[in-house]
Amino acid sequence: MHTVVVGVGYTGRRVLALLPAGSISGLSRPEFDLDMPPETLPELPQPYALLYTVPPGTDSENDPRLATLLSLFGHLPERIVYLSTSGVYGNAGGEMVDENRTPAPATKRARRRLAAEILLTDWCVR
């Protein structure tokens with residue numbers, strides 16, 4: 001399966017370097033800017049998985065970049081991996097954190113990430 005990385009910053013570049021050439025591609029600014037969105041996504045190999053590493057902007061309480069991407073899909077990915085932050089769980093005092101812990105974001109950044117997680121979860125359910 002082909003992997004598409006949306007957001008080719010530090011982490012996206014590392015993933016691109018680790019996976020076999022020809023099985024992965026990246027979408028990043030300035031060619032693909034979710035703040036000034038294109039009308040469509042580029043043609044993507046089928047089937048594909050998507051790794052989303054783009055952080056939410058700081059000018060909103062949610063993640064309009066992710067919402068924009070989700071509105072552009074023609075062919076849906078087989079899988080979406082969203083790169084978030086453990087900050088959505090707040091200060092765990094050194095305890096292990098996993099997805100079973102109740103979110104308790106303490107910063108604006110973590111609240112935006114949690115909003116993006118909820119947006120993506122709801123979109124996937126629909």
J(HN,Hα) series, the range 61-76, from Karplus relation 6.51 cos²θ - 1.76 cosθ + 1.60, nearest Hz, glycine and proline x:
8, 10, 10, x, 5, 5, 4, 4, 4, 4, 6, 8, 4, x, 8, 6
Per-residue ³J(HN,Hα) for the range 42-50, Karplus 6.51 cos²θ - 1.76 cosθ + 1.60, θ = phi - 60°, Hz, x for Gly and Pro
x, 4, 10, x, 10, x, 9, 10, 10
For the chain, with a Gaussian network of springs between Cα atoms less than 10 Å apart, report the residue from Val81, Val97, Val15 with the top mean-square fluctuation.
Val97
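At 0.36 nm per residue, minus the direct Cα-Cα distance, what do Thr40 and Ser23 gain on full extension? Give it in nm, one decimal, please. Don't jump to the answer; show the numbers that get you there.
Values: separation 17, 0.36 × 17 = 6.12 nm, distance 2.17 nm.
My answer for the length gained is 4.0 nm.
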Could you point to the residue in Val97, Val125, Val15 farthest towards the positive end of the chain's charge dipole, with +1 and -1 charges on the Cβ of Lys/Arg and Asp/Glu respectively?
Val97
Which residue, Ser25, Ser84, Ser60, has the most motion in a Gaussian network model of the chain that connects Cα atoms within less than 10 Å?
Ser60
Please report the relative contact order for the range 5-67, taking Cα pairs under 8 Å with a sequence separation of at least 6, and give it as a percent rounded to a whole number.
39
Using 0.36 nm times the number of residues separating Ser71 and Arg13, minus their current alpha carbon distance, what extension gain do you get?
18.4 nm
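I'd like the chymotrypsin sites (Phe, Trp or Tyr not before Pro) in the range 27-124 restricted to DSSP loop residues with at most 14 other Cβ atoms within 10 Å, sorted by number.
Details: sites: Phe32, Tyr48, Tyr52, Phe73, Tyr82, Tyr89, Trp123; in loops: Phe32, Phe73.
Answer in residue order: Phe73.
Report the full-extension gain for the segment Asp33 to Asn62: residue separation times 0.36 nm, less the Cα-Cα distance, to one decimal in nm.
Working: separation 29, 0.36 × 29 = 10.44 nm, distance 1.74 nm.
Separation in residues times 0.36 nm, less the Cα-Cα distance, equals 8.7 nm.
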Sort Glu117, Glu99 from largest to smallest accessible area, using a 1.4 Å probe on the heavy atoms of the protein chains.
Glu99, Glu117
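With a cut-off of 8 Å between alpha carbons and a minimum separation of six or more residues, what is the relative contact order of the chain in percent? Mind showing how you got there, number by number?
Numbers: 173 pairs, mean separation 30.5, N = 126.
Normalised by residue count, the contact order of the chain is 24 percent.
Shape of the range 25-92 from its Cα gyration tensor (a ≥ b ≥ c, root eigenvalues): rounded if a/c is under 1.5, otherwise prolate when a/b > b/c, or oblate? Don't skip to the answer; put the middle values down first.
Details: a/c = 2.30, a/b = 1.44, b/c = 1.59.
Oblate shape, in that a/c is at least 1.5 and b/c is the bigger or equal ratio.
Can I get the semi-axes of the chain's equivalent ellipsoid? Compute them from the C-alpha gyration tensor as square roots of 5 times the eigenvalues, in angstrom, largest first. Can you show the working numbers first?
Numbers: eigenvalues 131, 58, 40 Å².
Result for the chain: semi-axes of 26, 17, 14 Å.
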Quick check on the chain: helices-only [θ] at 222 nm, where DSSP H runs of length 4 and up contribute -39,500 (n - 2.57) each and the sum goes over total residues. Nearest 500, please.
-9000 deg cm²/dmol
Within a Gaussian network of the chain (alpha carbon springs, distance under 10 Å), most fluctuating of Asn100, Asn91, Asn62:
Asn100
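The values are calculated or read from the model by the stated rules, or taken from the named source; none is laboratory data. Note that this is a predicted model, so its numbers are computed, not measured. When we count neighbours, we look across all protein chains shown, and the Cβ atoms used for this are built from the backbone with ideal geometry, even at glycine. Ligands, DNA and RNA are excluded from the accessible area calculation, which covers all protein heavy atoms including side chains. Shrake-Rupley method; radii C 1.70, N 1.55, O 1.52, S 1.80 Å.
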